[in-house]
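Heads up, the thing below is written out as structure tokens.
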Amino acid sequence: MNAKPGSFGLLAANGLAPAVKPVRPAKPSQTVSFDKALAQTDREARRKAAAILEVLAGARKPSDAAQALGITPMRYYLLEMRAIQGLVKACEPLKLGPKVSPEREAEHLQKQVVTLERECARYAALARVAQRAVNLSPPPVRLKTATGKKTRKSKPPVRAVKLLARLKSSLQEGASAEVLEVAAPQVATVM
């Protein structure tokens, strides 16, 4: 066997040892981008992140980390919760495709408005044709005022208001009839 020490390739080929893949070092581009990201963050934020990672790794107690950061243990737990939420949020899959910008969204909504206006006009035309087919008169057209606003017809009074007016008028008629009845017997007795 001409196997070099530490080489498992020949042994793996003979079925004597499992094949082991060599460990590859991290790509320099990944290391550089991580270092750049760290350099762009605040020093205090890096201290807090290191303390939280030490606690999560079990190297430090939460009360010790809070004391090292100069905050209360309750504040530390809130900070830890925010950090874990940020970690989970960062692990969500990225949305692919073009990003939605306000300009693009406005353009899309304007196209949708034009399409819906066209559709509305089409349905109005179909309704007019259907009304003519069954000899119905079209609904009255509301005219616009000089300011461009549509004129509104006054609403008819509510039924209760109508009934109240009728009751008042009947009370007034009844009161005048009672006056006549009361006045009539007196006149009859006087005569």
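Is it fair to say P93 is of a type outside the set (G, A, S) and over 25 Å from the mean Cα position of the chain (by Cα)? No.
Here is a yes/no grid of residues against (1) under 22 Å from A37 (Cα atoms); (2) at pLDDT 95 or above:
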site	(1), (2)
A50	yes, no
E54	yes, no
A57	no, no
R60	no, no
D64	no, no
R75	no, yes
A83	yes, no
G86	yes, no
K89	yes, no
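Of the residues P139, P157, P98, which is surrounded by 10 or more Cβ atoms within 10 Å (Cβ to Cβ) and modelled with pLDDT under 85?
Checking each option against the conditions leaves just P157.
In the stretch 57-70, which residues are surrounded by fewer than 16 Cβ atoms within 10 Å (Cβ to Cβ) and of a type in the set (A, V, I, L, M)? If the condition is that a residue be surrounded by fewer than 16 Cβ atoms within 10 Å (Cβ to Cβ) and of a type in the set (A, V, I, L, M), then A57, A59, A68 are the ones that fit.
Among the residues of the stretch 76-100, those identified as under 12 Å from I52 (Cβ atoms) and either in contact with a helix residue (DSSP H, G or I) (Cβ under 8 Å, 6 or more places away or on another chain) or outside any helix (DSSP H, G or I) (or both) are Y76, Y77, L79, E80, A83.
When you scan the stretch 63-75, how many residues do you find that are of a type in the set (S, T, N, Q) and not in a helix (DSSP H, G or I)? The total comes to 1. Filtered by the rule that a residue be surrounded by fewer than 10 Cβ atoms within 10 Å (Cβ to Cβ) and either touching a Leu at 6+ places or on another chain (Cβ under 7 Å) or not in a helix (DSSP H, G or I) (or both), the stretch 101-136 gives S101, V134, N135.
The values are calculated or read from the model by the stated rules, or taken from the named source; none is laboratory data. Source: prediction; values computed, not measured. So basically every Cβ, Gly included, is an ideal-geometry build from the backbone, and we count neighbours across all protein chains shown.
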